[in-house]
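Trainee: Let me begin by handing over the structure; questions about it come next.
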Amino acid sequence: MAAARRLKRVAVSQPGFLTLNPKVAPTDLVSSRRKRVNKNKKKNWNKYSDVQDVEEFLEDVRHQERTTGGLLSEKSDDSLFFLDVGEPKKVEEKEAAEPVKGKKRKGKSSRPLRIDLILQHDSRVAPPKDVLAYQKPNAKKLRRAAERAEKLAAKGVVPRSKKRLLNRPVVERTSKKTETEANNNPERDFYDIWGQETKDLGEPWYLQQTRKKLVKRPEKLNEKPSVLPAVEVIAPGGSYNPDFFSHQELLREAHEVEVKKKKVEDKIERQLAYNKEDTATEETILREQVEGLVEESEEEEEKEDALKEDGEEVAVGAIAVADKKTERQRKREKAEKMKEQQRLAERRQTEQQQQLFQLRSIKTSIKQQDEKTQVRQKRRKAKEEAQKAQPRRLGKLKFQPQDMEVQLSDELAGSLRQLKPEGSVLMDRFKSLQKRNLIEPRERAKFKRRLKVKYVEKRAFKEIS
């Protein structure tokens, strides 16, 4: 077999050998010794693979797309062939004697230049579609909003933006622009340039959008923080020449205030008081120090014995609990559980049926609850009204009312000249501001001297002393 192949190769290599196919050269039939190549490796694919036919096919496809705009096999017959019926008949046209103005003469001037033909786009391949030119940001969101608006419009619902436009005040477009009035016009409106209020010149919608309109003051700021008057009138018993009964009433009120203060002081003293018999002595101190030293060992032994017994009991109990339940026990527990659930359901149904016969009592209980709620609401409202007259907690300190200015019966003066002044007007106003919740309760700052005061005896004083 190898000898016959060698003989054929020698015959083909002769210079006078002729092939049946004239396109095939004799040297192409001489097959050299085949080289063994490992095709499993990727680097040998392009090196030892013949892809010339594939490249020629792809180049032919590209050529057809450039010249005809697509593959010839996909074209229709009408686009590739036409019926030759001869030359069309020439229409004899009369040439005008003079050329018409505005029209160019046909000839060399009408032909395109060669440079323009070279620069022309001769490929019939359509340019690639620019996807970014057709994309819109938030297209899906806008499309859904448009669909939602169409559905609402079909139902007759007006969007909020259109409602705002419809609710805008109508402006007369035919009206003339506002002109500045002359200063000497006696009919013009009075306007104080130094006033707090600004004069609105323009449409309210325009002023609101341009932020030139002042913000409306909240109604909460117009409310007073307290219902108490700025100046409280003193009781009739506080006059310089009061009535006997009104003066006694004022003394009784002052006495009640002092009694309350005394009770608070007594309570603090009782809380801080201690029994003098319980004071520590040397004997009790020694007993406390020695206590527990002798009996400590016996107590430790008893605790160890108790822990051992508890450990044995726990171990026995754990072994007993670890026993596995039988099938009969599981079935019995399941049946008992179902019976319990059925009994509860029947009981619940019976209670619901019994409630039908208790409608009258239920209505009565509901009515009583409503009455209690109304009484509670009235009480809460009265408490809120009373709280309005009380000072609130605005800071870390609690409001301390001012001491009552009371004169005893023997201190009363018969005239204003003999009247002794009491209290301070400044302190009275300061407490009034705190009571009306205008400022928080305060106390005088404590001055702490950083350096000690040094006393120096002057020279002139030394000479005298």
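Trainee: Output the residues belonging to segment 394-417 that are more than 25 Å from Glu253 (Cβ to Cβ) and open to solvent by 60 Å² or more (accessible area, probe 1.4 Å).
Mentor: Correct list: Leu394, Lys396, Arg417.
Trainee: If you don't mind, another one. Taking segment 273-299, which residues are part of a helix (DSSP H, G or I) and at pLDDT 70 or above?
Mentor: Selection gives Lys276, Glu277, Asp278, Glu282, Glu283, Thr284, Ile285, Leu286, Arg287, Glu288, Gln289, Val290.
Trainee: Here's a check for you: in segment 161-188, which residue that is under 19 Å from Glu203 (Cβ atoms), in a loop (DSSP other than H, G, I, E, B) and at pLDDT 70 or above is most open to solvent (accessible area, probe 1.4 Å)?
Mentor: Only one residue fits best here, namely Val170.
Trainee: Could you list, in sequence order, all residues of segment 422-465 that are of a type outside the set (D, E, K, R) and more than 20 Å from Pro401 (Cα to Cα)?
Mentor: Phe447, Leu451, Val453, Tyr455, Val456, Ala460, Phe461, Ile464, Ser465, listed by residue number.
Trainee: Checking the structure you have, find out if any residue of segment 120-132 is modelled with pLDDT of 90 or more, in a helix (DSSP H, G or I) and not basic (Lys, Arg).
Mentor: no
Trainee: Just to be sure before I move on: is Lys454 within 60 Å of the chain's Cα centre (by Cα) and open to solvent by 100 Å² or more (accessible area, probe 1.4 Å) in the structure I sent? Working first, answer last.
Mentor: Values: within 60 Å of the chain's Cα centre (by Cα): no; open to solvent by 100 Å² or more (accessible area, probe 1.4 Å): yes.
For Lys454, the condition - within 60 Å of the chain's Cα centre (by Cα) and open to solvent by 100 Å² or more (accessible area, probe 1.4 Å) - is not met.
Trainee: While we're on this one: For residues that are modelled with pLDDT of 70 or more and in a helix (DSSP H, G or I), scanning just segment 302-327, find the one that is least open to solvent (accessible area, probe 1.4 Å).
Mentor: Applying the filter and picking the extreme gives Ala306.
Trainee: From Glu422, Glu384, Glu443, grab the single residue that is free of Cβ contacts under 8 Å to residues at least 60 places away in the same chain, in contact with an Asp or Glu (Cβ under 6 Å, 6 or more places away or on another chain) and open to solvent by 70 Å² or more (accessible area, probe 1.4 Å).
Mentor: Glu422
Trainee: (1) open to solvent by 80 Å² or more (accessible area, probe 1.4 Å); (2) of a type outside the set (Lys, Arg); (3) more than 44 Å from the chain's Cα centre (by Cα): which one isn't true of Gln369, the others all being true?
Mentor: All conditions are met except number (3).
Each row is one residue, and each column tells you yes or no for (1) surrounded by 10 or more Cβ atoms within 10 Å (Cβ to Cβ); (2) part of a helix (DSSP H, G or I); (3) at pLDDT below 60.
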| residue | (1), (2), (3) |
| --- | --- |
| Ser31 | yes, no, yes |
| Asn46 | no, no, no |
| Gln64 | yes, yes, no |
| Gly70 | yes, no, no |
| Ser79 | yes, yes, no |
| Glu98 | no, no, yes |
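Trainee: Here are some residues: Phe430, Phe357. Which one is surrounded by 10 or more Cβ atoms within 10 Å (Cβ to Cβ) and either out of contact with any helix residue (DSSP H, G or I) (no Cβ under 8 Å at 6 or more places or on another chain) or free of Cβ contacts under 8 Å to residues at least 12 places away in the same chain (or both)? Step through it out loud before you land on a result.
Mentor: Values: Phe357 fails: surrounded by 10 or more Cβ atoms within 10 Å (Cβ to Cβ).
Going through Phe430, Phe357 in turn, the sole match is Phe430.
The values are calculated or read from the model by the stated rules, or taken from the named source; none is laboratory data. Predicted model only: the values in this text are computed from it and were never measured. Positions of Cβ are generated from backbone atoms using ideal geometry, with glycine treated the same way; all protein chains shown enter the neighbour counts. The protein model used for the area step is the full one, side chains on, heavy atoms only, and it has no ligands, DNA or RNA in it. Shrake-Rupley method; radii C 1.70, N 1.55, O 1.52, S 1.80 Å.
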